[in-house]
1. (1) over 32 Å from the mean Cα position of the chain (by Cα); (2) buried (at least 22 other Cβ atoms within 10 Å of the Cβ); (3) not in a loop (DSSP other than H, G, I, E, B): which one isn't true of residue 314, the others all being true?
2. Quick check: anything in region 322-333 modelled with pLDDT of 85 or more and either closer than 27 Å to residue 293 by Cα or surrounded by 14 or more Cβ atoms within 10 Å (Cβ to Cβ) (or both)?
3. Answer yes or no as to whether residue 487 is open to solvent by less than 70 Å² (accessible area, probe 1.4 Å), closer than 25 Å to residue 528 by Cα and acidic (Asp, Glu).
4. Taking region 372-393 as the region of interest, how many residues are surrounded by fewer than 12 Cβ atoms within 10 Å (Cβ to Cβ) and either at pLDDT below 80 or in contact with a Ser or Thr (Cβ under 6 Å, 6 or more places away or on another chain) (or both)?
5. Just to be sure before I move on: is residue 270 in a helix (DSSP H, G or I), in contact (Cβ under 8 Å) with a residue 60 or more places away in the chain, open to solvent by 10 Å² or more (accessible area, probe 1.4 Å) and not aromatic (Phe, Trp, Tyr) in the structure I sent?
6. Answer yes if at least one residue in region 584-597 is modelled with pLDDT under 80, within 29 Å of residue 451 (Cα to Cα) and open to solvent by 30 Å² or more (accessible area, probe 1.4 Å), and no otherwise.
7. Can you tell me how many residues in region 143-167 are of a type outside the set (Asp, Glu) and open to solvent by 50 Å² or more (accessible area, probe 1.4 Å)?
8. What residue, of 538, 603, is at pLDDT 80 or above, assigned to a helix (DSSP H, G or I) and in contact with a Leu (Cβ under 7 Å, 6 or more places away or on another chain)?
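The values are calculated or read from the model by the stated rules, or taken from the named source; none is laboratory data. From a predicted model like this one, the values you see are computed outputs, not experimental measurements. Heads up, the Cβs are rebuilt from the backbone with ideal geometry, glycines too, and the neighbour counts pull from every protein chain shown. We work out accessible area using only protein heavy atoms, side chains counted, and drop any ligands, DNA or RNA first. Shrake-Rupley method; radii C 1.70, N 1.55, O 1.52, S 1.80 Å.
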Amino acid sequence: MVAVTAPRPVPRPKVHRGLVAGGIVLAWLVLWLVFRNTATLSLGASELTPLHRWVNELNDAVGASRNSNPLFLYFFNEIRLVIDEFVTFIQAFIAQPSFGRPVPVVGWLGVVAVAGFVSLAVAGWRVALLAVAGFVFLGLQGLWQESMDTLSLTLAAVVISLLVGVPLGIWAGLSDRVNRVLTPVLDFMQTMPTFVYLAPLTLFFLIGPASATIATLIYAAPPAIRITAHAIRTVPRTTVEASESLGATQQQTLVKVLLPSARRTIVLGVNQTIMAALSMVTIAALIDAPGLGKTVVKALQTLDVGTAFNAGLAIVVLAIVLDRVTTAATERRKLPRWALFGGLGVTGAAVYLSYTYLWAAEFPADVEVGSSIRQGTTVATEWVQDTLPVLTGGFKDFVTTVLLNPLQAVLAESPWFLVALVVVALSFLVGGVRAAVVSAVCLGLLVATGLWQDSMITLASTLVATVMVMVLGVVVGVWMGRSRRADRIVRPVLDAGQVMPAFVYLVPFLALFAASRFTAIIAAVVFAAPVAIKIIADGIRAVSPATVEASTALGAGSWQTIVKVQLPMARGALTLAANQGLIYVLSMVVVGGLVGAGALGYDVVAGFSQGQLYGKGLAAGVAIVVLGVMLDRLTQAAAKRWTN
């Protein structure tokens with residue numbers, strides 16, 4: 001009897017995805033040569049599509065019905081009025097002439113004293129000295145009123161954010177259902193570029209402080225909610241059970257156990273909320289928010305590097321003071337009674353003097369260093385541009401010629417359907433059917449916005465900037481991951497870089513490279529690099545020391561250990577760094593539009609400043625969001641495939 005065996009399954013040939021992707025790109029290049037500048041869906045700077053005109057008409061209709069439509073009369077206008085009044089109230093105290101007086105209620109001496117006393121009470125005498133020195137320096141720069149306007153808007157947004165965010169965070173910390181509902185909403189709010197909130201809000205709340213404050217509130221509230229919920233949830237369960245076993249009610253457990261135990265983390269959430277608010281307030285200058293951001297925007301538009309640097313330096317000083325004070329406040333301190341009453345007495349006297357006497361209300365105009373900073377920066381800028389054109393121009397020309405121009409040509413000069421087909425095919429290879437569908441929908445939306453070619457130009461700049469971020473991130477991140485000393489030196493610099501508002505990054509590169517798309521790219525690289533470097537450094541450090549030692553014992557050198565062991569094992573961190581780098585770079589697109597980046601960034605900025613381009617600017621904002629969603633999903637799909 002002959003045994004019958006089942007036929008062996010024929011193994012399916014293994015498809016090498018890299019070769020397939022290379023083939024797709026090669027075919028794209030060939031077809032690009034054939035169909036170059038055909039069906040590119042280009043649109044002139046002043047041209048509009050029917051969609052843009054429809055949005056303009058909608059904007060006009062909303063403006064015409066603002067004082068007659070019940071929705072505006074009893075809802076949007078009321079919200080705008082309340083927030084305007086709140087902001088004006090704070091400005092009246094520290095920033096603007098008010099109540100029939102030629103000066104604010106509390107002058108510079110009083111504000112400095114209050115800042116010093118609050119810092120002493122919550123953060124100690126060293127931070128108090130820093131706060132006093134920082135606020136005095138703002139006056140010496142000749143930017144006291146602008147700084148106080150920025151501080152007023154920041155305080156208004158932070159107060160409202162905390163009033164909304166902390167209760168919601170507590171609720172989410174106590175309820176799994178609420179936490180599940182809020183988490184995707186917070187994810188959406190935090191992944192959107194900062195400017196996305198601006199254009200829609202101006203449609204309902206007009207251009208001005210109210211829209212700026214609401215946009216800042218939307219941007220700054222998520223950290224307060226998320227960190228408060230995290231703080232409540234991380235309180236040890238045994239502590240809560242001990243409280244309940246002693247007969248405490250739910251309210252008593254919350255007030256006497258959960259909140260005191262979570263205090264330090266909640267204060268950290270306040271710190272993050274303040275820093276997010278300060279960053280957003282400066283960007284809100286694009287919709288006429290008063291303060292330092294407006295000074296920077298005007299200076300960037302006129303290429304006045306000295307004024308932009310002086311105002312940018314004031315933003316940095318304000319950010320450092322607010323960050324140090326709130327960071328130090330996470331440590332519990334008890335002020336001695338003599339210091340408490342002594343500080344209160346000195347502060348009260350300073351506030352009284354600033355209310356009564358003009359010399360203590362207005363910062364002395366004849367004592368200032370702002371003009372020297374502006375002139376020095378202008379001289380240094382001219383020196384750099386005259387002395388180092390070979391170095392700066394050579395680097396700029398190299399990146400532009402070798403990377404940016406070829407990629408932009410292929411993306412922007414190919415027929416739109418060819419680019420779409422290639423992107424969908426590559427998405428399928430990277431992430432399967434779901435990724436391909438997401439890419440197809442996003443590309444369809446880009447076509448619908450009428451800004452396909454501008455989107456491709458922006459995509460080229462974004463990809464080049466992200467590649468530079470990853471090169472910088474791998475070099476510095478590996479160095480930090482392998483050396484504790486390097487980590488101790490570099491990490492504080494990266495931490496400081498992450499608290500700087502986006503505008504600040506443009507100023508030094510405007511001085512080095514003048515206004516161009518390259519300037520915007522370099523500013524985006526420096527803005528995005530800290531987060532990518534830290535993620536890669538942590539990924540390299542997480543590689544098992546035993547694995548590294550085994551590699552070394554087998555005779556591998558440092559380079560071989562990095563390339564063959566540490567980088568491959570840290571691939572999850574690498575893909576996360578690429579994802580975050582893309583998001584951060586995209587968030588700089590609009591800011592880069594102020595210094596010649598063009599494309600979607602220019603469209604958004606022009607939409608804010610020219611009424612007839614409002615619809616086009618709004619469509620450009622949507623296009624940036626769509627690009628962000630598509631790139632985010634693609635990098636996440638790539639990360640999932642690579643790490644499995």
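1. Going through (1) over 32 Å from the mean Cα position of the chain (by Cα); (2) buried (at least 22 other Cβ atoms within 10 Å of the Cβ); (3) not in a loop (DSSP other than H, G, I, E, B) one by one, residue 314 breaks only (1).
2. For region 322-333, residues modelled with pLDDT of 85 or more and either closer than 27 Å to residue 293 by Cα or surrounded by 14 or more Cβ atoms within 10 Å (Cβ to Cβ) (or both): present.
3. yes
4. Residues that pass the stated criteria total 5.
5. yes
6. Taking every residue of region 584-597 in turn, at least one turns out to be modelled with pLDDT under 80, within 29 Å of residue 451 (Cα to Cα) and open to solvent by 30 Å² or more (accessible area, probe 1.4 Å).
7. Residues flagged as of a type outside the set (Asp, Glu) and open to solvent by 50 Å² or more (accessible area, probe 1.4 Å) within region 143-167 amount to 6.
8. Just a single option satisfies the conditions, and that option is 603.
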